[in-house]
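The structure appears below as structure tokens.
Derivation of every value follows stated rules applied to the coordinates shown; laboratory data play no part. Bear in mind the structure is a predicted one, so any value in this text is a computation, not a measurement. With ideal geometry, Cβ positions are generated from the backbone for all residues, glycine too; neighbour counts draw on all protein chains shown.
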Amino acid sequence: MTQQLPAPQSQRIVLPPHRQRARRPRSVRTREWIHRNLFPSTAGTALTIVSVTFIAALTVGIVWFVFFDANWRVITDNRWLLFAGSFPHDQEWRLWAAMGFVFALIGLSYGMWSSLGRKDHLFIVLTGIAVILFMGHGGAAFWSSLWFLLSIALLFLGYVIARTIGHDRARQRSLLTRVILLRFAFDDAFSLRGGFDKTVPIQTRARAVRVALFPTRTGANRIVGGLLILALPLVLVILLAGGGASMRELDGFVLNLLLAPVGIVGGLVIAIPLAIGRASKLHAIKWTCTAYIEIVRGAPLLGWLFVALFILDDIIGGDLIIRTMVVLAVFTAAYMAEYIRGALQTLPHGQYEAAQAVGLSRGQSLRLIIMPQALRISIPPIVGQAIAIWKDTTLVTVILPLRELKGNADSAIAQSEFIPDRIEAYIFVAVAFWIVAFIMSRISQRMERAQGIGER
Amino acid sequence: MTSEDTASSEPAPPKISTEARPEPGTMVPERLIGQPDIITVSHVDKWFGDFQALDDVSLSVKEHEIVVILGPSGSGKSTFIRCLNRLEEHDAGRIVINGIELNEDVRNLNAIRSEVGMVFQQFNLFPHLSVLSNITLGLRKVRHLPRLDAEALAIQLLERVGIPEQAEKHPAQLSGGQQQRVAIARALAMQPKIMLFDEPTSALDPEMIKEVLDVMQELAESGMTMLVVTHEMGFAREVADRLFFFDEGALVEEGTPEHFFTSPREERTKLFLSQIL
Ligand SMILES: Nc1ncnc2c1ncn2[C@@H]1O[C@H](COP(=O)(O)OP(=O)(O)OP(=O)(O)O)[C@@H](O)[C@H]1O
Ligand SMILES: [Mg+2]
């Protein structure tokens, strides 16, 4: 119970604490709320009317366009082109497998370190419905819809599993304990004298099996963390290994979805040593890192993509997609390094000294004390940069002979029958990009809030 | 003076040289007579650029001794105490702690860091770690203790400083006094022989000062060797064996609390005490 009531606003009636519960009926309060917030004065009422009219008109317009006016066949007929382009059709299962893996991992991570709120559930359901609608429209996408639904199911499954493990308070559980638990659950089931002991309820057995087989919270933390680190290589293996697609067949939205994480994760991996190096006392290291950062930031991404296309070809060769990935990572790293360096500078010097006084080596104090705090501080700008590079993956179409979602949308509307439907195509592209960007920003908010507790 | 070039082939532990012993303390309290010196500082200078922060400081501290360091602001108290665990490097002279000389040798440095615990004015707890992890960090990463052993020890230490129930919280959720007690527990976890305190109560609200001083007094009674920079004259009078007065980087006067509070010798000491009492 709050002891102190908020300062009385204009017309709010302040009740003494013991009467808080016995307030006026909900309908009265609603009426008051409407009055206070929507029609407080003549000017306020006018503003309310104007904005309500505007919003209503906009909504009607959007609904009309989406459901009646638009010709979504430009999307549904080109589904595969937009989604995966030249990815070989007979290897389709690899895409779904990768998607299922990623969704399950997202579910696991959320269950481990955060929780899905009502808004998240709503978002997942709405996105799911939208995707299914697009798949169903024009028919023949039954299996794809099914796989997509399965992926969403995996997300929730991962979430539930992680939550269950989260309730387990034990830090460690030895193999012996696990064996004893399993024996308890199945002992009499396999004994020769016959049958289950009815006095042990089946729920108890199930619980024993679960505890015996599941990792502890600490173990699960390690497993999910490890999977997150390995996620990107694993996805590439799923897509490419053993007679899968070739590098050049990564295409469409799939290409965006691969380029951006490589740029973000690779960028972060390069950025951390860069930031530390720029703060180094050794001049050679300091100047090298500074030069890297300033040179990379000195030219736009477009310019560096040209470098990937022509100059890197002569130097390292290799597949154009790999060169593009390298450029994206190198480019992102320069910005992220500056954010991390800024965070390093805001850390009080006492943190370094306390780490030294405890006896930690320089490497240990960086790894255990300094970097975790610096990374936490720089989550918001780093995620901002991540969203920027996500959208900038469309740039590869502009100059490289690579085709991602935006590029494939362009080819879709180049077909003579779809020439009038460019608006639909671009709206679709925009929404697709927005969905992923929105997920990133949600995750970032969650991470910030989860860290809030450790702040000064 | 420079440290001798020891042959790199034989890593003999550095010895205390006999030629540069400082003059013994003028007034060693009775309870410490016969105790060995655990800290020996001789002719130490420290420069920040062309500003001299420590000027020919020589002193020695006996095992189990409680030393309080006094002095006006900017007199080099912090600089001196930080030289003792090499958060600052001295430019001239020698510092020998428990038989180990402080010099460029990294092995010596690690040995010293495990002998000497430090408590800071601003606590400097690690804000991203729980109280328990703050305390167990050194045990696990430097001493390589198993997690459960380290945590058991940490809980014991938290009981000793009176806040075992706060183990799972984060530092930001504690009061200043509680934070400083966690910081003391963190330093104690490494089982140091010497504890350094740099104005441990200066950042605290008045009502929290006592709880920290109580912990320090208990620590003193348990036989810890302590060097305390503080303006708490009550603590100095009751707990200290000896007081050192610094001014402008030099050790101006040393003596028992009785000597200081009844008949200080130097004019600067008298002036300082008259201002602070
Ligand atoms: N890193 C540094 N660089 C330059 N000068 C410094 C540095 N640290 C301390 N000094 C200077 O050395 C002198 C002594 O500082 P020190 O912090 O040891 O004083 P103090 O006795 O602890 O004072 P206070 O009671 O204010 O804490 C001061 O004049 C200070 O400005
Ligand atoms: Mg000081």
So if I take the centroid of the Cα atoms in the range A:41-82 and the same for the range A:261-307, what is the distance between those two points in Å?
43 Å
DSSP bridge pairs, the protein assembly as shown: antiparallel proportion in percent, nearest 5
55 percent
Over the Cα atoms of the range A:25-78, Rg to Rh with Kirkwood Rh, two decimal places?
1.32
Taking the Cα centroid of the range B:28-45 and of the range A:99-168, what is the distance between the two, rounded to the nearest whole Å?
70 Å
Assuming 0.692 mPa s and 37 °C, estimate D for the range A:309-456 with Stokes-Einstein, Rh taken as the Kirkwood radius over Cα pairs, in µm²/s.
175 µm²/s
In 10 Å bins starting at zero, report the fraction of Cα pairs in the range A:204-287 per bin as a rounded %.
14, 25, 23, 23, 12, 3, 1
Cα-based radius of gyration of the range A:248-334 once divided by 2.2 N^0.38 Å, which approximates compact folds:
1.18
Projected convex hull area of chain A, Cα atoms, direction-averaged, in nm², equals 35.5 nm²
Cα-based Rg and Dmax for the range B:109-174, where Dmax is the largest Cα-Cα distance (Å)
12.2, 35
Chain B pair-distance distribution - Cα-Cα, 10 Å bins, rounded %
6, 28, 35, 23, 8, 0
Across peptide B:107-120, how many C-beta atoms of other chains are within 10 Å of each residue C-beta, on average?
2
To the nearest whole number, what is the average tally of beta carbon atoms from other chains within 10 Å of the beta carbons of peptide B:137-148?
3
Proportion of all alpha-carbon pairs of the range A:353-440 beyond 18 Å (%)
63 percent
What is the distance in Å between the Cα centroid of the range B:121-185 and that of the range A:368-418?
43 Å
The answer for chain A, counting only DSSP H helices whose Cα atoms cover 30 angstrom or more along the axis and whose Kyte-Doolittle average is 0.5 or greater, is A:42-64, A:92-113, A:142-167, A:217-240, A:252-278, A:320-346, A:422-452
Over the alpha carbons of the range B:118-277, what is the largest minus smallest coordinate on each principal axis, giving the biggest first in Å?
54, 29, 27
Chain B - mean residue ellipticity at 222 nm from DSSP helices (-39,500 (n - 2.57) per run, n ≥ 4, rounded to 500)
-10000 deg cm²/dmol
So for the pair A:Q203, B:L148, with labels modelled 7 Å out along Cα→Cβ, what separation do we get in nm?
3.1 nm
For the range A:71-119, would you read off the P(r) tail past 15 Å as a percentage of all alpha carbon pairs?
63 percent
Relative to the compact-globule estimate 2.2 N^0.38 Å (N residues), the Cα gyration radius of the range B:51-185 stands at a ratio of 1.20
Pair-distance profile P(r), taking every C-alpha pair of the range B:124-216, with 5 angstrom steps and integer %
3, 15, 27, 25, 20, 8, 3, 0
Violating pairs (Cα-Cα greater than 22 angstrom) within the set A:K119/B:K169; B:K46/B:K77; B:K169/B:K193; B:K77/B:K270
A:K119/B:K169; B:K169/B:K193
Convex hull around the C-alpha positions of the range B:43-94: the volume in Å³ per residue is 84 Å³
By Cβ neighbour count within 10 Å, fewest first, A:F54, A:F134 rank A:F54, A:F134
Taking chain A and counting helices only, DSSP H stretches of n ≥ 4 at -39,500 (n - 2.57) each over all residues, the nearest-500 ellipticity at 222 nm comes to -23000 deg cm²/dmol
Determine the principal axes of the Cα atoms in the range A:72-183, then give the extent along each, sorted from largest to smallest and rounded to whole angstroms.
59, 34, 21
With no solvent and one equal point scatterer placed on each C-alpha of the range B:167-241, evaluate the Debye formula and give log10 I(q)/I(0) for q = 0.20, 0.21, 0.28 Å⁻¹, two decimals.
-0.88, -0.97, -1.54
